[in-house]
Every structure is written in C-alpha cells, then in structure tokens.
Amino acid sequence: MASTHDYIADKRNKDIQIYINGEFFHRSDAKVSVFDSGFLLGDGVWEGIRLHKNRLIHFDQHINRLYAGADAIAMKIQLNKNELKYAVRLTLEKNAMHSDTHIRLIVSRGIKSTPYQHPKVTVGDPTIVIIPEYKKPNSKVFDIGIRLASVKTKRDNMVQDPKINSLSKMNCISACIEADRLGVDEGLMFDPNGFVSTCNSTNFFIVKKDEVWTSTGEFCLNGVTRGSVIKLCKINNIIVFEKDFSIDDVYIADEAFVTGTFSGIIPVVEIDGHKFNVGSLTKRLSAIYKEDIEN
C-alpha cells in the first residue's frame, strides 16, 4: 500500500546526532528518563518540520504552533523562540544536513519526581529533543495515490483539544489501527456532529465543481500545510471553503486529496470503495505548492 509517509531509506540515518537539552548524542545513545513526562503520560507538544534545499519550510508557523500548544497546556518552554530555532539549525549543522530532511521537534513537560500526572511533581525544565533524519518522500506516492476508509474513532474535544499537536496521540493511533485493519492507508475521521473532520495523520480536502472544501478546522489539527494550501487557493483565485460536509458529499466529489508537512499534497484514489481519479485541480494545486516552497 502507499503511504503519505513513504520515504526512501537512507543509511546515513544510522549515525545521526540527536539534540537533547543542549547536548548531542549518537542515535544509539540518545535516551530520556523513564520518569520523563512524555514517556509516562504523553505530556508535551511536538512539530514535524521539513528541510528542503537549505530552507526550513514554514519554520515560523511550526515554531509558533509549538509555543501556542505549550501555552494551551500551561507548559513554559525554557528557551525563547529564537533560541529554539537556533537549536534546530545547530542540529542540522551538526549533522551536515542541507535538504531532504525531516525534523521531529519534541518538548515534554520534563522529568517527574514520581509517576503522577500533576504538573506540580515535575522536576526542572521541559525536555527538548530534536531528531533530524534524511527522509526524501517517495515521489511514486503522488502517482499511485492513497486509499482511505471511514473509521469509528471520532475527533472531538471531550477528552483533549484536537487542535493541539499533543504528544498524546492515542486518538489518532486508534484511527490508524482501524484503517490498517480495513486494509487502507489512512482513516477518515468524523467530528462529534457526524461531519468529515480529518485523517489520522493528514488533513483532508475534496474538490466539487472546481471548489475546494475542507473541514471547519474546529475538530482537527490546523495543519501548517493545510493552512498553506488554503492561502494558495485564495491567492490563485481557486474557490475554497472551510465548512461542514458529510461523507455523502465526499462520495460524489470530483477529486480528493490530503495534505501534510512531509509529502505536501497527496491524491486520494479511493474512499470506502468509491474510486477517484487524480484530478486536474489536485495536480494544479500540487504544482503551485511545490513552486511556493521553492521560493
């Protein structure tokens, strides 16, 4: 099966240097404590950032979202934004990386004095980890497209805010497991009202009569690439709506695609057994997006 995160394996990844709280460790030696909040509770936030031709794509937007997420969970990151951005660039320099790199930037609440959920038992500052890997997207995925299926796991705000890029990903993992059991690449998730929300690891779009539709964003991660595509639609006079729509609207759509930091725009060729072609508007938007990140 195709995957939005398919990449070309690179043997250089076995020797990467990983940043942990201001120090660098070989991949085989990079570790955090079993008392770390991220390990114990999934308590923290993260970002996936792409390095393309010496440019960190949408870097400011990713850093801003990271700090907004930290603020939302009352976590004070000890580095300011510029200091954290410098740490990311230093990590890339340490690894002599210039392109085709994916960075996982993770900030957990830090070490606990005991395995307990309350932030008051946190000892010291948050744990900051930066993992850079050589990851070049598999270009064949765009030609093949991906397959989706509706899943029962909902995107809602009853347990946690779905707009926060939290380390606690059990909701998305459950949807991913459902999708795998259904024999597809990703799960298409609904909001509490039964409207289409998002996929388990990407944002979802449809095309109907030359209009681009995506969810309101109330019950999904407001993806950086999602926001970029919406902006590019407006700049290029492509009608785009953030709105509620049903799975029946999806079935009769002309095209469908997903967006994500790693692969950009990927066509969807099947949803719940309904077939879709890789349409002209999806191809046009992909070309516009690729041109945008080159400049």
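The numbers here are math on the coordinates, done by the rules we state, and not lab data. Fair warning: this is a prediction, and the values are worked out from it, not measured in the lab. Note that we place each Cβ from the backbone using ideal geometry, even for glycine, and neighbour counts take in every protein chain shown.
List, in the order given, every pair from LYS11/LYS53; LYS169/LYS209; LYS76/LYS120; LYS11/LYS163 whose Cα-Cα distance in the structure shown is over 23 Å.
On the way: LYS11/LYS53 20 Å; LYS169/LYS209 35 Å; LYS76/LYS120 13 Å; LYS11/LYS163 35 Å.
LYS169/LYS209; LYS11/LYS163, as the Cα separations exceed 23 Å there.
With +1 assigned to the C-beta of every Lys and Arg and -1 to the C-beta of every Asp and Glu, and no other charges, what is the dipole magnitude of the chain about the Cα centre in debye, to the nearest 20? Provide the component values of the computation, followed by the final result.
Values: 38 positive and 37 negative charges, 139 e Å.
Value, rounded to 20: 660 debye.
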Exercise. Assign unit charges at the C-beta atoms only (+1 for Lys and Arg, -1 for Asp and Glu), then state the dipole size of the stretch 60-131 relative to its Cα centre in Debye, rounded to the nearest 20.
Key: 220
Quiz item: Given q = 0.13, 0.15 Å⁻¹, what are the Debye log10 I(q)/I(0) values for the stretch 125-232, with equal point scatterers placed on the Cα positions and solvent ignored?
Solution: -0.57, -0.75
Quiz item: Using the alpha-carbon atoms, what tilt in degrees (0 to 90, nearest 10) does helix 224-235 show relative to the longest principal axis of the chain?
Solution: 40
Self-check item: Nitroxide proxy distance, nm - points 7 Å out along Cα→Cβ at ARG55 and ASP248
Solution: 4.4
Exercise. Calculate how steeply helix 81-94 sits against the longest principal axis of the alpha-carbon atoms of the chain, using the helix alpha-carbon long axis, and give the answer as 0 to 90 degrees to the nearest 10.
Key: 90
Practice problem: Please give the length that would be gained between GLU294 and LYS140 if that part of the chain were fully extended, namely 0.36 nm times their separation in residues minus their C-alpha to C-alpha distance (nm, one decimal). | Solution: 53.4 nm
Quiz item: By how many degrees, 0 to 90 and rounded to 10, does the Cα axis of helix 280-294 deviate from the longest principal axis of the chain?
Solution: 30
